[in-house]
1. Out of T629, T650, which single residue is over 15 Å from G718 (Cβ atoms) and not in a strand (DSSP E or B)?
2. Name the single residue, out of those in segment 214-264 being among the hydroxyl-bearing types (S, T, Y) and in a strand (DSSP E or B), that is modelled with the lowest pLDDT.
3. Out of the residues in segment 652-674 meeting the condition of being within 22 Å of the chain's Cα centre (by Cα) and at pLDDT below 90, tell me which one is surrounded by the fewest Cβ atoms within 10 Å (Cβ to Cβ).
4. Here is a list of conditions, (1) under 24 Å from L365 (Cβ atoms); (2) touching a helix residue (DSSP H, G or I) at 6+ places or on another chain (Cβ under 8 Å), and T315 meets all of them except one; can you say which number that is?
5. Go through segment 698-725 and give me each residue that's within 23 Å of G252 (Cα to Cα) and among the β-branched types (V, I, T).
6. If only one of T522, T530, T459 is under 23 Å from the mean Cα position of the chain (by Cα) and more than 30 Å from Y600 (Cβ to Cβ), which one is it?
7. For residues that are farther than 28 Å from M652 by Cβ and either modelled with pLDDT of 95 or more or of a type in the set (S, T, Y) (or both), scanning just segment 675-721, find the one that is surrounded by the most Cβ atoms within 10 Å (Cβ to Cβ).
8. Being surrounded by fewer than 20 Cβ atoms within 10 Å (Cβ to Cβ) and farther than 18 Å from T574 by Cα: is that true of P478 here?
Amino acid sequence: MKNALASLLLTGTLASAATLAAAQAPAAPAAATALGTLTGTVADSLSHQALPFATVVLRPVADTKSVLSTITTDQGTFSFSGLATGTYALEVHYLGYRTRQLAAVAVGASVAAPLAVALAPERHTLAEVKVTATKPFIERQADKLVLNVAASPLAAGGTAADLLSRAPGVLEQGSGYQLRGKSVTVMLDGKLTNLSGEELKNMLAALPANTLDKIEVIANPSAKYDANAAAIVNLVTSKSLKLGTNGTATLGVGTGRYGRYNAGLSLNHRTEKLNVYGGLDRLDNQTYSTTSAVRTLGAESQLAESSLETHRLQTNNLKLGFDLDLSKTTSVGVLAKGLLTDRRRTGESLAKLSDPSGAAQQGTLLRLSGASQVLSPAVNAYYKTKFAQGRTLRVSADYFGYAKDSHNDYATSTLDGTAPADLLRDYSPARNSVKSLMADYAQPLYQGTLEAGLKATSTITDNDIRWEQAPAGQPFAPDLGKTNHFIYRENVRAAYATFSRDVKKVSLQVGLRAEQTHSTGTSLTMNQTTERQYLNLFPSVSAQYNQSEKTQYGFSYRRKIERPRFGVVNPFVTYISPYRYAQGNPNILPAFTHSFELSYSYGSLVSAAVSYSRYSNVIVDSFQKDDATQVVTNSFRNYPGADQLDATLTLMQPLLAGKWQTATTLGLTAARVQAGGAIGVGAASPGAYLSSNHTLTLRPGLKAEVSAFYMSPMTFGGLAVRSSFISSLGVSKTVLKGNGTLTLNVTDLFNTQRSRFDVLAAGINSHNVNKLESRFVKLNFSYKFGNQKVKASQRRDTGVESEKSRME
């Protein structure tokens, strides 16, 4: 597409002028009495892709001074209601396209078929137009918050994980992310990543930021989305703009304690009917992490643990796809992607038992080394067609694979070295897959839009963890207490329908989703099978009252399900240290949530929201302590319920004639678990966070960015989390006549980012500090070549994202 910001500026100017004119003149010829409706779509005449935010102007032929206007939705649709019957002239404007004029559009009392307006691209180049405005890093849209990656000097040379940590209101919580107290489903180009926990974080850390165009934060997804998605963060990969060929090359270097580099190349070629695109990105870095935990064992002693690990990560990200227009209304496409990751780890962990005076009673030293290789192929194929009267049908099929080979070696010895080391090792291959088939249909109905769809998803996770031990120099033998081969199968069949309509100043959407789930978890090692089958309905309602052009009030309600991550239902034991294990729970049940939210916004300057969520069968971390060995095992279990209250206030204020873009979010959150008498789990105290981002245009082509985030202490579910703070700084400069960008940034400027928390549950009194290396200096260069107005390849909405977000 053409420059989106300039298009918004033009359409906004036309819409403002049209609205003013409409306010100063009667809306229709005075002689008319009957009322009618006019609907339609606006699309590119070559690709037939919808054109969002195009300006549509309507004038009665009998009264040319009366003007009505609107802007198309992100699906390219528009609607005028309450029109006097008669003949109208219609104009459609979009930057980079020729203005389309229809001189005689008839509006009658009955509902007419939607107009299909096709805009032809301008044949002159946009090099003749100089656009001085810049798109802000954080942008508020009607139903979501958008982070424009290219507008952030801090993004260059970073990863998707770095960007996600800066999204207002998105907080990293344990094994995942939360937004306004809701669990976040991470999607990639509308497709479920189907990963969770450490695997999700590793995937985000392996995805270079230069491959992303923007990040969409959706707090209230409709019934169209999986019921497992309470909130959605969609990572949208970079695309290009019209006929021709172009590409982008990137190269970056950086350093923290160790060096790092990234490189990438993307290409895009399009004819009038065929678009072929692909890319390859490489990331190589090495980081360290430290952990410390001090646990009081009683009046006589305490246990202190500390560890240092180094991690080497090498990833190769490849994609290749095409989109083909079979006709003016029908298109097909295939996209194949693959992520190959190699991880290496080495480390040491020290544990000391001491008496109240601090004198060591005994101690152990654990040395570890490990490696894993992960291959994640993904394929998407789609078919899309448009029928008469604005009806559309889209069918897509998806496959996602996850093949991991991993091994770790542990050697535990006494500090005095008087005895041979105890050896322990594991080999843990995983073969997981997700297959999905979905169909979505949309059509105008009763001056609104009806959407409906069907989806079938089949997931298989096959995890085989094999442990062997060799105590005190003995030969290796199987460790049957930890070894387990577990296969989990889950089939979900879903159907949904939503209806949306604008009635005067109110935009209303109602939806209902039905999901039938059949799951089977089988431990081949223990010859145990857990099978479940259930059907659930998930209604959703949202309404927005548009008091004026800038002031809106909103309300939403949604019921959702939280299925446990695939790693949670797997009963295998994960070895962390001689005194800490983690274990899954095959008997865990899904949790259900009723969520309500009230919102307010004033243009793009101020937005506020208050939400309340009521959980049943809530899934919370659980801890068990063996008093004889002092081993603590971390697992998960269901508690009767939980309540959570969240509030956010976001201010986005341009200063200095738009050269200084600011975005600041203040959030408050409070939650309490109905623990049913479990020790420490019901403890709760509210918390607050403050995030602020500032981008300053120093002069054309040169800008700087500063961001900071603070989180106050908070207690929930047996954990008392302490405060944290991080700040970062970046500068970017365009070079080579604007085709190149040179960026220098420093993340975690004061090296303050760390996780500090106390475990209160199960009578465990421990203080923990985890530190992942976070301060890096990065220098990045990117260069765009070829025709920079090549049309974008189509966005892919696929059906395996929520399953990928649960996979480990």
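The values are calculated or read from the model by the stated rules, or taken from the named source; none is laboratory data. For clarity, every value in this text was computed on a predicted model and none was experimentally measured. Heads up, the Cβs are rebuilt from the backbone with ideal geometry, glycines too, and the neighbour counts pull from every protein chain shown.
1. The match here is T629.
2. Selected residue: T237.
3. The extreme case among them is M652.
4. T315 satisfies all of (1) under 24 Å from L365 (Cβ atoms); (2) touching a helix residue (DSSP H, G or I) at 6+ places or on another chain (Cβ under 8 Å) except (1).
5. V706
6. T459 is the lone residue from the list that is under 23 Å from the mean Cα position of the chain (by Cα) and more than 30 Å from Y600 (Cβ to Cβ).
7. T715
8. Spelling it out, it is not the case that P478 is surrounded by fewer than 20 Cβ atoms within 10 Å (Cβ to Cβ) and farther than 18 Å from T574 by Cα.
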